[in-house]
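Only the coordinates and a few stated rules stand behind these numbers; no lab work does. Just so it is clear, the structure is predicted and the values come from calculations on it, not from any experiment. Neighbour counts run over all protein chains shown; Cβ positions are idealised from the backbone, glycine included.
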Amino acid sequence: MTNVLIVYATDYQNTLKMAQSIAAGVQSVPDCAAILKAAETATYDDLIAADAVILGSPVHMGSADWRIKKFIDSCCSGAWMKDAMIGKVGAVFATGSGFGNAGGGCELTMLGLLNNLAELGMIIIPLPKSTPGYTTGGLQWGPYGRSANPKMDPVGVTEDMLGVARHHGIHIARAAKALKGVKIFG
């Protein structure tokens, strides 16, 4: 079984909905399982046991949520010291409601999260522009959910955005399944 760990933080359940859609995509791939964990409950052992890790965060002041940052600092640093994640698959997603079409800061949030996955030596899976729904919920770094309208009224993530997330889950699961057990170095 290929295990895909999805670690997320959520404030208004929009990031959770995106995580659940990604999980549905992962689970639609034969012999793949999605493990959903809120950042505050995810552990080092969860990280090490995963064949792929997907980090998801709401945008807070143009950056990732503090709970995701705490997970990175408390769990990922130990994995980095042991080179435990090299060659495993990594990906990201975000939700935001700030000004700007992608929800002010989604791109910067995803780039910050991707930097941490790159530090771990993970194989980064982007979001291809050919992904269905890409124009309404995608950036090359991953799917995003715009949870407010341009007037900043909360509207939640749309079915189109959740569809992009589901396709991302499929893409990640397929890559993780293909790479499981492959030695990258040594």
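Its Cα gyration tensor gives the range 2-179 an equivalent ellipsoid, and the semi-axes of that ellipsoid, as √(5λ) in whole Å with the largest first, are 24, 18, 13. Between 0 and 90 degrees, the angle of helix 159-179 with respect to the longest Cα principal axis of the chain falls at about 10 degrees. Classify the range 1-78: rounded, prolate or oblate, from the alpha-carbon gyration tensor (a ≥ b ≥ c, eigenvalue square roots; a/c under 1.5 rounded; otherwise prolate if a/b is larger than b/c)? Because a/c hits 1.5 or more and a/b fails to exceed b/c, the range 1-78 counts as oblate. If both residues of a DSSP beta bridge must be in the chain, then about 15% of such bridges are antiparallel.
Taking packing as the residue-averaged number of other Cβ atoms within 10 angstrom, the listed peptides 91-99, 124-132 run from highest to lowest as 91-99, 124-132. Angle of helix 106-119 to the longest C-alpha principal axis of the chain, folded into 0 to 90 degrees and rounded to 10: 10°. Using only side-chain charges placed at the Cβ, +1 for Lys and Arg and -1 for Asp and Glu, the dipole size of the range 2-179 relative to its Cα centre rounds to 200 debye. Farthest toward the dipole's positive end in the chain, which of Thr43, Ser97, Ala33, given Cβ charges of +1 (Lys, Arg) and -1 (Asp, Glu) about the Cα centre? About the Cα centre, the residue reaching furthest to the positive side is Ala33.
Compared with the dominant principal axis of the Cα atoms in the chain, helix 14-27 is inclined by about 40°.
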